[in-house]
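The values are calculated or read from the model by the stated rules, or taken from the named source; none is laboratory data. Because the structure is predicted, anything quoted here is derived from the model rather than measured. Don't worry about glycine lacking a Cβ; one is built from the backbone with ideal geometry, like all the others, and counts go over all protein chains shown. Surface accessibility is based on the protein's heavy atoms, side chains included, excluding ligands, DNA and RNA. Shrake-Rupley method; radii C 1.70, N 1.55, O 1.52, S 1.80 Å.
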Amino acid sequence: MSEPEAPRTSPTPDRAPELGTPEGAYRMMRLIREFETLALDWVRAGEIPGGVHPYIGQEAVAVGVCGALAPGDQLTSTHRGHGHVLAKGADPARLLAELAGREGGLNRGRGGSMHAADLSLGVLGANGMVGAGAAIAVGAAWAAARLGRSTVVVAFFGDGALNQGVLLEALNLASVRRAPVVFVCENNGYATTLPATAGIGGSALGRAAAFGVPAVTVDGMDVDAVRQAAGEAVARARAGRGPGFLECLTYRFEGHHTMENRLRLGYRSAEEVALWRARDPLERLRPRVAAADRIDAEVAERLRAAADWALASPRPEPAGAGDWLYADGPLPRPGVPA
Ligand SMILES: Cc1ncc(C[n+]2csc(CCOP(=O)(O)OP(=O)(O)O)c2C)c(N)n1
């Protein structure tokens, strides 16, 4: 059975993002912010099935860390992963199409928000299982080292993952094998509605220290501070000196998930949210950015083109729901000649 080839070219193709300058970092943070704002609109409008976990507020972490990586490096992401995928250079049109379940999506619309991946960019996948990406990152890093490659792999995870056994196993294995992994804990203060102060015995740095992994805490609202700390850990890992660990103190400005806004859970005060919004990582960087207004306009135009393209992409035929999931192509169907 012949399948229509999904459209692979878009008006906003992949390009290696320039994240090391104030302008480049700001452009990517603005792209992530506007992408996520659009995704919230699309959930409300019914264009995205289910919902999304918005990354708004945490942009400096993805952009700072990815700004310290080489194009051949890899990362594993989380349920809150759009920022990581974009900062590693993914095409916003194809990520939008993925969220909307379209054939043109990064994964032909079969993965959606929590399983977006782009192996060509080293994005080994978002992951709906809290903490699971850390083990995948260690495997990828160990494999790369054994193959004599200089790849460094970043594992992004939230403070909630600090209580997952898999994270501790991953830290231990990375330590004993000196795997070139950088563990990046985005401590945004909450695991769903559970405050980190109530849910974590000990500390993030304590977890890393227990396994002999060098760790630092950094201001996750300051993209330069994040990039510098990540750069040191990446350089150590690349030189064969083993894994590193960053705890980035940050905050999600929106609810845990789009569903939350309807639930009115009230687990954090308006004052607390306002305090963190006043530390907005984009506003903090903006005074040092030349022509920020022009960058804002260019990003808005890029996203408009991306959105038009994504919405014009067809939805998969229901009969093809399993295609491309297990192998590179359509699944055989009973009674249908291949
Ligand atoms: C293994 C596992 N347990 C529980 C869940 C349900 N769950 C989804 S997100 C989440 C909270 C995660 O918090 P954190 O790791 O701090 O990340 P954040 O949502 O703050 O980005 C939980 C408990 C899950 N997806 N996977």
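Quick look at the values:
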item	result
Restricting the stretch 98-113 to residues that are touching a residue at least 24 places away in the same chain (Cβ under 8 Å) and within 16 Å of the ligand (Cβ to nearest atom), the residue that is surrounded by the most Cβ atoms within 10 Å (Cβ to Cβ)	113
Qualifying residues in the stretch 174-207 (those that are in contact (Cβ under 8 Å) with a residue 60 or more places away in the chain and more than 16 Å from the ligand (Cβ to nearest atom)) - the one most open to solvent (accessible area, probe 1.4 Å)	178
Single residue of 300, 290, 237 found to be closer than 30 Å to residue 145 by Cα and among the hydrophobic types (A, V, I, L, M, F, W, C)	237
In the stretch 134-160, the residues that are open to solvent by 40 Å² or more (accessible area, probe 1.4 Å) and either among the β-branched types (Val, Ile, Thr) or in contact with a strand residue (DSSP E or B) (Cβ under 8 Å, 6 or more places away or on another chain) (or both)	136
Among (1) closer than 24 Å to residue 105 by Cα; (2) surrounded by fewer than 20 Cβ atoms within 10 Å (Cβ to Cβ) - the single one residue 163 does not satisfy	(1)
Residue count, the stretch 212-251 (criterion: open to solvent by 40 Å² or more (accessible area, probe 1.4 Å), of a type outside the set (S, T, N, Q) and closer than 19 Å to residue 160 by Cα)	3
Among the candidates 126, 170, residue that is modelled with pLDDT of 95 or more, part of a loop (DSSP other than H, G, I, E, B), surrounded by 24 or more Cβ atoms within 10 Å (Cβ to Cβ) and more than 9 Å from the ligand (Cβ to nearest atom)	126
Some residue of the stretch 129-144 being over 25 Å from residue 231 (Cα atoms) and within 16 Å of the ligand (Cβ to nearest atom)	yes
Residue 116 vs. criteria in contact with a Leu (Cβ under 8 Å, 6 or more places away or on another chain) and buried (at least 21 other Cβ atoms within 10 Å of the Cβ)	yes
Cross-chain or 6+ apart pairs with Cβ under 6 Å, the stretch 149-168 first and over 25 Å from residue 235 (Cβ atoms), then within 9 Å of the ligand (Cβ to nearest atom) and part of a loop (DSSP other than H, G, I, E, B)	160/130; 164/130; 164/131; 166/131
Boolean, residue 149 is closer than 18 Å to residue 82 by Cβ and part of a loop (DSSP other than H, G, I, E, B)	no
